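Data first, discussion second: the structure below is written as structure tokens.
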Amino acid sequence: MRLIQLSDIHLTASYTKLVRGSNPLKNFKLALQEVISYCPDILLITGDICHDESKGGYLQCQKALEVIPNSVELAVIAGNHDNPTLMKQIFDRRIIVGPSELNYDNARVLILCSHFSNHDEGRLGVEQLDWLKERVFDRRYRGKPLLIALHHQPLKVGDKFWDSIGLIDSSQLIEILKPIDELKAVIFGHMHQHWRGELPGRKDVQLLASPSTLCSFPAIQPCPLGKPDTSGARLIEIDKQGNFNQKLLRWE
Ligand SMILES: [Fe+2]
């Protein structure tokens, strides 16, 4: 399974309005050309799709995604800037809106919605955590590599600002995930930068933040490619033997 993660595209209803000094639609279209060149099985956008929670912004997203070949599965999850109800109303059936479970021959991806209405912080909530618990312990998927995706970082990253707008129920999430042998990584956005850590108590499970397609925020960790300020994404592969590989992608 080959997955490309884009994040924090921050579209608006306008074609020309700049957000943080950049044109979100132009940057998103450039990112989609990069996506096509990697021939993924799935394109996942981990939140903050629409900066102004507008119908027009989601319609622009859907229209721009038409360049992606039909063979590529499309999935999205809401961020703090999104309106999950509007996303579900507007996106057509090709675009899967989380929470959802995506199944492939050699991997499973659970996409979660951490949008917490009127808050920059994230929250999964009891109902979704119960659903997650049921999904991760499903014995039919024993031995099948698992990825978890959400918008907010699932633990403290050592930065005062980001730690003030992280995931409120992160300890509950970590408790559920810690014993899951199949888990390979938890991927997220929100921070507009590359960041890499480990799940507490599980050195084998990577926690990975993807850069934004719109703009970068000051890097907490050095960019492995030496390009902390350019647009970027993450490529994730799980091979037939169940090996997990990931690569940070950057472009101008
Ligand atoms: Fe965000």
Worksheet item: So which of 171, 231 ends up being over 22 Å from residue 38 (Cβ atoms) and either of a type outside the set (Ser, Thr, Tyr) or more than 14 Å from the chain's Cα centre (by Cα) (or both)?
Response: 171
Worksheet item: For residues in the range 181-195 being closer than 17 Å to residue 8 by Cβ and either surrounded by fewer than 18 Cβ atoms within 10 Å (Cβ to Cβ) or of a type in the set (Phe, Trp, Tyr) (or both), which is farthest from the ligand (Cβ to nearest atom)?
Response: 195
Response to the item:
When the range 217-252 is checked residue by residue, the ones that are in contact (Cβ under 8 Å) with a residue 24 or more places away in the chain, in a strand (DSSP E or B) and not aromatic (Phe, Trp, Tyr) are 231, 232, 233, 234, 235, 236, 237, 238, 246, 248, 249, 250
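Pick from the range 69-90 the residues that are more than 16 Å from the ligand (Cβ to nearest atom) and in contact with a strand residue (DSSP E or B) (Cβ under 6 Å, 6 or more places away or on another chain): which of them is farthest from residue 208 (Cα to Cα)? Steps first, please.
Step one: list which residues in the range 69-90 are more than 16 Å from the ligand (Cβ to nearest atom), which gives 69-75, 85-86, 88-90.
Add one more test, that the residue is in contact with a strand residue (DSSP E or B) (Cβ under 6 Å, 6 or more places away or on another chain), and what stays is 72-75, 88.
Numbers: 72: 22, 73: 21, 74: 20, 75: 18, 88: 26 Å.
If we take residues in the range 69-90 being more than 16 Å from the ligand (Cβ to nearest atom) and in contact with a strand residue (DSSP E or B) (Cβ under 6 Å, 6 or more places away or on another chain), then 88 is farthest from residue 208 (Cα to Cα).
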Worksheet entry | Residues (away from the ligand (no atom under 16 Å from the Cβ), surrounded by 15 or more Cβ atoms within 10 Å (Cβ to Cβ) and part of a loop (DSSP other than H, G, I, E, B)) located in the range 1-57 | 1, 13, 14, 23, 38, 40, 41, 54
Practice prompt. Of the conditions (1) surrounded by fewer than 16 Cβ atoms within 10 Å (Cβ to Cβ); (2) more than 16 Å from the ligand (Cβ to nearest atom), residue 117 clears all except one; give me its number.
Written response: (2)
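Every number here is computed from the coordinates shown, using simple stated rules; none is lab data. Everything quoted here is computed from the prediction, not taken from an experiment. Heads up, the Cβs are rebuilt from the backbone with ideal geometry, glycines too, and the neighbour counts pull from every protein chain shown.
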